[in-house]
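Each remark here refers to the structure printed beneath this line.
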Amino acid sequence: MCPRSSTSARPFQAPLESLATVEETVVRDKAVESLRQLAEQHSNRDLETYFVPLVKRLSAGDWFTTRTSACGLFAVCYPRVSNAVRAELRQHFRNLCGDDTPMVRRAAASKLGEFAKAVEHEHLKQDLVPLFHSLANDEQDSVRLLAVEACVSIANVLQNDEKQRLVLPTLKQASEDKSWRVRYMVADKFSELQAALGPELSSRELVPAFCSLLKDAEAEVRAAAAAKVKDFCSQLPADTRQQMILTQVLPQVKELAADPNQHVKSALAGVVMGLAPLLGRDATMEHLLPLFLTQLKDECPEVRLNVISNLDAVNEVIGVKNVSKNLLPAIVELAEDSKWRIRLAIIEYMPSLAAQVGVEFFDEKLSALCMGWLTDHVYAIREAATNNLKALVEKFGAEWAQQTVIPRVLQLARDQNYLHRMTCLFCVNIMAPVCGRELTTKLLLPTVSSLVSDPVANVRFNVAKTLQKIGTVFDQKVVEAQVQPVLERLLQDPDNDVKFFASEALEGLRLQ
Amino acid sequence: MEWYFSQVKGTMEDDVAEADIISCVEFSEDGDLLATGDKGGRVVIFQRDRQSNSHKCEYSVYSTFQSHEPEFDYLKSLEIEEKINKIRWLKRKNPSHFLLSTNDKTIKLWKISERSKRVEGYNTKDELGNVVPREGPVSALRVPTFKPSDVVVEASVRRTFSNAHTYHINSISVNSDQETFLSADDLRINLWHLEITDQSFNIVDIKPANMEELTEVITAAEFHPWHCHLFVYSSSKGSIRVCDMRQKALCDQHAKLLEEPEDPNARSFFSEIISSISDLKFSHGAESTQYLLSRDYLTLKLWDLRMENQGPVSTFPVHDYLQTKLCTLYENDCIFDKFECSWSGDDRYILTGSYNNFFRIFDRKTRKDITLEASRENTKPRQLLRPRKVCTTNRKKKDEISPDNLDFTKKILHSAWHPSENLIAVAAVNNLFFYQSKES
């Protein structure tokens, strides 16, 4: 802990003070941040002598920009000043919470939480909680929704009975606010609110609020609440949890799965799988399984993707075999979707999916798909498919690769389309490190070398690049016997690029 | 009420350049500044001269800048006009002034600031290339310093909000939360945040799935002066929709619909065209009731937001004598002119323009009204304006003018009333007239 040295801090205060008043928000925010750090450098006495007057000046500034900056400077100096000064600071903050302009009230609302943490308990209840209530009832929507955030911080520092008395009514009011944006904030912060209020209060009072947000008239609110279903349920007290989910949450979830708005459905699909471990095997089979199956057939691809990406939770509880019958058609449909980004997304899930379904199922049903992607029209798909192969080889091992993957990859080398021949080389690049020296020398190298006489120059120079990449895998004898001649032949190629990459490779492998 | 001439701005020559035609007039929140936009994409800001004599309220040019330039949309092979459609001032947040100005496609946030300091002492050569003489040896460190100088007014663009409108922007309005604003074109209304220029939310979309079913377009939109969640928009069919942003993210469903039930007897080929609302203004809230003023081709209508399905509270005829001339006005396109309207600061008077450089002021308290002319002939200092009258019978009196003799090329579309004083700015083609009054 270095001692505070005020003398070095003070000269910076004046320019920072004026920067904290400019109209550009980003500049003001940075100035406030710097001032907060500066406060750390002041001794307690200097804090009172120099810093607090700055805070007071800013709070009383003519322009609202000045006053908004002041809001961020209270928490950092309050704990270290005398009681008399503390009373003054509280008064100034109170004025800011009641300021004429919405911007200042917004700034005060967003800093109320951190100020609450710094203030003593009795003053918190006496001074700050009333401010919180008034901000939560502000006429401007934008102020009320920031009060929701402050709610979390304040609840965190209160005792249980105080939480119920002082925070809960306001929170309930916010979850029924006329403005959907306020209700959205409640939904968005629900997990934090739950944690702040504690399990007992939450299960008693928050469950109805959460369920009503799941049924909200505005789709944005429903989507935000749906995204929190898993977190909400997992934080319920363990003894009553299953019962509560079954009776109160699940009916809503079932309705949401058929919501007209696709964002709501996607948000739900992303998390609903997380309920499986909480409900146990039987309840999952009875209630959640039909839901997953419906979602797998949803018309919106994002919903289907979100389901598939979260299968591990289901696998843990009931085993993926129960879903595999419906899983496969869903995967195939996504893999062949006309939009390439959808195809890309499913490829990215493939390695984890393969790990869950196991090698047999994969070989039988999914490997054809993975090979098919290697010859997709879109380069991004071919590239992702190549990376996918590497991940699969890492999971299933080199022997599996030898039997299933490598023959097909090498087949590509004889394809009519030069792009596919190049894909073959990219696969070799990626797979050589995971396949190991023996496999690479025996199987991959001959094919690579055979492409040295390819009619298309792009293929030929990629041969040089590939040899440079995989050259490190081989031992020196192989390199001299098999790699060097190929590269030297390419050095005599009529195409300049081929010659360039051949010479690069020779240099890279230290053969020149 | 008696009105006196105060000032006129703009060239008095007959030859008017199209670029000089004024397209919007707007007072700042305290009335200290007045901004005008023209067809050439320029914004001219006038400032009230601060004199000890409180009767004199003269404005002089404070700043002029080119806000928008003409552009070409390559994809659609269309020109984008630089004409300024609307200007709206932001509330003061520091010594500088901020305003939003928009043309058909792009909205810009301008900062107008005064600089009264100049940096001096650079170690460089002067304009002629000579080394600037200095005191002390060359090796001594010289740091440039700020020295006071004459006040210079600078305008700089701080934000550009573009690429969000397929159709022509007709309105912008700043929300009472002072961080968001809306922009409306023929079919859509977007919500912006002043700090964020690359995203906007669409809150109203009345584009039909099949464009051939299009029957009405949005003509004006305005936020409520203090309820941050309410806004209104008017249509070409004469209806006003009130929307509550709290209910839904997308406000296609209106919360209230204000319209006048159609009188089947008065139907004509032109009924729908003349019912199209060209401007909407909320009252200042000086009275306990919040009123909304709408201007359609022939009338001003006063609406109470709480009275749905009952039509307007009052209707003020602006130029009824044009009822018989609608056919001619249709042929020369004047029937599509978009007139604006304004409230006085105490909400007692309403102001709107007409043809022949006439403008009309209605006194809601006494139910009287007056017609005045913004004429280049009445420009003697503090000259009292003589009320004008259009004769509607066959017996034309001495001072009256017949509807057939009205000049339809001289139209006052844009005008503004000072927020707290009885001072009005009236734009007549390329001239800006200032008139002041004393209570009579």
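Numbers below:
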| quantity | calculated |
| --- | --- |
| Residue B:104 being touching a residue at least 40 places away in the same chain (Cβ under 8 Å), farther than 26 Å from residue B:359 by Cβ, charged (D, E, K, R) and surrounded by 13 or more Cβ atoms within 10 Å (Cβ to Cβ) | yes |
| Condition met for residue A:178 (of a type in the set (Lys, Arg) and not in a helix (DSSP H, G or I)) | yes |
| Residue in the stretch A:134-159 that is surrounded by the fewest Cβ atoms within 10 Å (Cβ to Cβ), counting only those that are touching a residue at least 40 places away in the same chain (Cβ under 8 Å) and among the charged types (D, E, K, R) | A:149 |
| Selection count where residues are more than 12 Å from residue A:448 (Cβ to Cβ) and either of a type in the set (A, V, I, L, M) or in a helix (DSSP H, G or I) (or both), scope the stretch A:474-504 | 20 |
| Among residues of the stretch B:245-263, those that are surrounded by fewer than 19 Cβ atoms within 10 Å (Cβ to Cβ) and within 14 Å of another protein chain (Cβ to nearest Cβ), counted | 7 |
| Candidates A:279, A:275, A:344, A:328 - the one that is surrounded by fewer than 20 Cβ atoms within 10 Å (Cβ to Cβ) and over 27 Å from residue A:426 (Cβ atoms) | A:328 |
| Pair list, Cβ < 8 Å and 6+ apart or interchain, from the stretch B:190-212 residues that are on the phi < 0 side of the Ramachandran plot to residues that are among the hydrophobic types (A, V, I, L, M, F, W, C) and loosely packed, with under 13 Cβ neighbours inside 10 Å | B:207/B:214; B:208/B:214 |
| Qualifying residue in the stretch B:188-198 (condition: out of contact with any Lys or Arg (no Cβ under 9 Å at 6 or more places or on another chain), among the aliphatic types (A, V, I, L, M) and crowded, with 17+ Cβ neighbours inside 10 Å) | yes |
| Condition met for residue B:168 (within 14 Å of chain A (Cβ to nearest Cβ), in contact (Cβ under 8 Å) with a residue 12 or more places away in the chain, surrounded by fewer than 20 Cβ atoms within 10 Å (Cβ to Cβ) and out of contact with any helix residue (DSSP H, G or I) (no Cβ under 7 Å at 6 or more places or on another chain)) | no |
| Selected residue [of a type in the set (Val, Ile, Thr), out of contact with any Leu (no Cβ under 7 Å at 6 or more places or on another chain), assigned to a helix (DSSP H, G or I) and crowded, with 16+ Cβ neighbours inside 10 Å] from A:104, A:129, A:76 | A:76 |
| Answer residue from the stretch B:94-147, given it is among the basic types (Lys, Arg) and part of a loop (DSSP other than H, G, I, E, B) and is nearest to residue B:199 (Cα to Cα) among those | B:105 |
| Lone qualifier among A:316, A:286 - being over 24 Å from the mean Cα position of the chain (by Cα), assigned to a helix (DSSP H, G or I) and within 25 Å of residue A:227 (Cβ to Cβ) | A:286 |
| Per-region count, the stretch B:219-231, residues closer than 12 Å to residue B:175 by Cα and more than 14 Å from chain A (Cβ to nearest Cβ) | 2 |
| Pairs, first in contact (Cβ under 8 Å) with a residue 12 or more places away in the chain in the stretch A:378-392, second among the charged types (D, E, K, R) and in a helix (DSSP H, G or I), C-beta under 6 Å, six or more apart | A:381/A:343 |
| Single residue of the stretch B:2-54 satisfying the filter (of a type in the set (A, V, I, L, M) and assigned to a loop (DSSP other than H, G, I, E, B)) that is modelled with the highest pLDDT | B:21 |
| Residue that is surrounded by the most Cβ atoms within 10 Å (Cβ to Cβ), among those in the stretch B:405-440 that are among the acidic types (Asp, Glu) and modelled with pLDDT of 85 or more | B:421 |
| Close pairs (6 angstrom Cβ cut-off, 6 or more residues apart or separate chains): buried (at least 18 other Cβ atoms within 10 Å of the Cβ) in the stretch A:483-508, not in a helix (DSSP H, G or I) and not β-branched (Val, Ile, Thr) anywhere | A:484/A:511; A:506/A:512 |
| Residue among A:15, A:53 that is within 14 Å of another protein chain (Cβ to nearest Cβ) and not charged (D, E, K, R) | A:15 |
| Condition broken by residue A:364, with the remaining ones in (1) farther than 17 Å from residue A:337 by Cβ; (2) touching a helix residue (DSSP H, G or I) at 6+ places or on another chain (Cβ under 6 Å) satisfied | (2) |
| Top-ranked residue of the stretch A:233-269 - restricted to ones that are out of contact with any Leu (no Cβ under 8 Å at 6 or more places or on another chain), over 19 Å from residue A:223 (Cα atoms) and not hydroxyl-bearing (Ser, Thr, Tyr), ranked as surrounded by the most Cβ atoms within 10 Å (Cβ to Cβ) | A:236 |
| Given (1) farther than 21 Å from residue A:259 by Cα; (2) in contact with a Leu (Cβ under 9 Å, 6 or more places away or on another chain); (3) modelled with pLDDT of 80 or more; (4) surrounded by fewer than 20 Cβ atoms within 10 Å (Cβ to Cβ), number of the condition residue A:287 does not satisfy | (1) |
| Residue check, residue B:275 surrounded by 17 or more Cβ atoms within 10 Å (Cβ to Cβ), of a type outside the set (A, V, I, L, M, F, W, C), without any contact (Cβ under 8 Å) to a residue 60 or more places away in the chain and touching a Lys or Arg at 6+ places or on another chain (Cβ under 7 Å) | yes |
| Test: residue in the stretch B:65-79 that is in contact (Cβ under 8 Å) with a residue 60 or more places away in the chain, over 23 Å from residue B:420 (Cβ atoms) and part of a strand (DSSP E or B) | yes |
| Qualifying positions in the stretch A:138-149 - away from chain B (no Cβ under 14 Å) and either modelled with pLDDT under 90 or not in a helix (DSSP H, G or I) (or both) | A:149 |
| When residues of the stretch B:80-93 are limited to those that are more than 18 Å from residue B:174 (Cα to Cα) and assigned to a loop (DSSP other than H, G, I, E, B), the one nearest to the other protein chains (Cβ to nearest Cβ) | B:82 |
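One line per residue, one yes/no per condition, for (1) within 19 Å of the chain's Cα centre (by Cα); (2) surrounded by fewer than 19 Cβ atoms within 10 Å (Cβ to Cβ):
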| residue | (1), (2) |
| --- | --- |
| B:43 | yes, no |
| B:49 | no, yes |
| B:64 | yes, yes |
| B:69 | no, yes |
| B:75 | no, yes |
| B:79 | no, yes |
| B:84 | yes, no |
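The values are calculated or read from the model by the stated rules, or taken from the named source; none is laboratory data. Fair warning: this is a prediction, and the values are worked out from it, not measured in the lab. Note: ideal-geometry Cβ built from the backbone for every residue, glycine included; neighbour counts use all protein chains shown.
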